[in-house]
Amino acid sequence: MNAPDPFTTLLDLERGSLDPERGVSETRLSEIMGMYLEEADGVEDTVVYRVYQIPVPTTGSNLLSSTTVIEPGVVGREYHMTKGHFHAVRDRAEIYVCLSGEGRLVMATEDGRHAVEPMSRGTVNYVPGGWAHRSVNVGDEQLVFFAVYPGDAGYDYGTIEKEGFPVLVVADESGPEVIPNPRYKTASRDEAR
Ligand code: PA5
Ligand code: MN
């Protein structure tokens, strides 16, 4: 069965950090730069987001969970966002509970359908199996959310790195705007050079 003993973690509902801290990963601008339309030349290589994990065995009988904290900011007109991924086991679903900040959850299927759902304190987003997902911080504060998903879901980042999402969320004078991604399913900017 491979189940851990019962345990409890304290989640800081504002900051997203976990106590005890069992695993944190940081993603810097340099790691996701190729996913933006415009280059972030001359911009400091800051941390765009952190993920605080609650590790359990990665089997289908366990539930993995984590909090993600995305710093506010833009690259060109695009807001700070996660890399985005499909689950390696495609039919695995996920739930996001937003704790603070304001965001958009961009989702897409491999055949090009897309959905953009709101994220703000208290929203519970359901990511069905087969839908890639990326969260975007469209506010001035940190975007903080808690995620729960099957332990055997795994990550496929490669498909999104290669193809991108069908839409982008960009800053317009009137606020966040969803526009078609001109590079969808074409080479990434790095490859296009
Ligand atoms: O499980 C999830 O979908 C999230 O915890 C993400 O992994 C997290 O938000 C970071 O995004 P990404 O894995 O796309 O870098
Ligand atoms: Mn996921």
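Grab the Cα-Cα distance for R183 and D111, subtract it from 0.36 nm times how many residues apart they are, and report the gain in nm with one decimal. Write out the running numbers ahead of the final one.
Details: separation 72, 0.36 × 72 = 25.92 nm, distance 1.56 nm.
That pair, R183 and D111, stretches by 24.4 nm at full extension.
Mind putting a number on the dipole of the chain about its Cα centre? Charges go on the C-beta only, +1 for Lys and Arg and -1 for Asp and Glu, and I need it in Debye to the nearest 20.
Using only the charged Cβ atoms, the result is roughly 520 debye.
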- Query: Taking only the alpha-carbon atoms of the chain, what semi-axes of the equivalent ellipsoid follow from 5 times the gyration tensor eigenvalues under a square root, in whole Å, largest first?
  - Reply: 27, 20, 16
- Message: What does the charge count around G130 come to, taking other residues whose C-beta lies under 11 Å from its C-beta (Lys +1, Arg +1, Asp -1, Glu -1)?
- Response: 0
- Put +1 on the Cβ of each Lys and Arg and -1 on the Cβ of each Asp and Glu in the chain; which of V43, G175, P128 then has its Cα farthest toward the positive end of the dipole? P128
- Query: Between D172 and Y126, how many nm apart are label points set 7 Å from Cα along the C-beta direction?
  - Reply: 2.9
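Can you pull out the chymotrypsin sites (Phe, Trp or Tyr not before Pro) in region 1-94 whose DSSP state is coil and whose Cβ has at most 16 other Cβ atoms within 10 Å? Let's see the in-between values first.
Working: sites: F7, Y36, Y49, Y52, Y79, F86; in loops: F7, Y36.
Answer in residue order: F7.
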- Query: Residues with beta-carbon under 11 Å from that of Q142, excluding Q142: net charge, scoring Lys, Arg +1 and Asp, Glu -1?
  - Reply: -3
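Under 1.5 on a/c is rounded, so check that first for region 137-186, then, if it is not, pick prolate when a/b is larger than b/c and oblate when it is not; a ≥ b ≥ c are the square roots of the alpha carbon gyration tensor eigenvalues. Don't jump to the answer; show the numbers that get you there.
Working: a/c = 3.60, a/b = 1.21, b/c = 2.98.
Oblate, since a/c reaches 1.5 and b/c is not below a/b.
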- Among chymotrypsin sites (Phe, Trp or Tyr not before Pro) in region 93-160, those in a DSSP loop whose Cβ has at most 12 other Cβ atoms within 10 Å are Y155
- Env charge @ C98, Cβ radius under 13 Å, K,R +1 / D,E -1, value -2
- Item | Relative contact order of region 48-110, defined on C-alpha pairs under 8 angstrom at six or more residues apart (%) | 25
- Treat every Asp and Glu Cβ in region 1-110 as -1 and every Lys and Arg Cβ as +1, leave all other atoms uncharged, and give the resulting dipole magnitude about the Cα centre to the nearest 20 debye. 380
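Throughout, read-outs are computed from the coordinates displayed, never taken from laboratory work. These figures come from a predicted structure and were not determined experimentally. Neighbour counts are summed over all protein chains in view; Cβ atoms, including those assigned to glycine, are modelled from backbone coordinates with ideal geometry.
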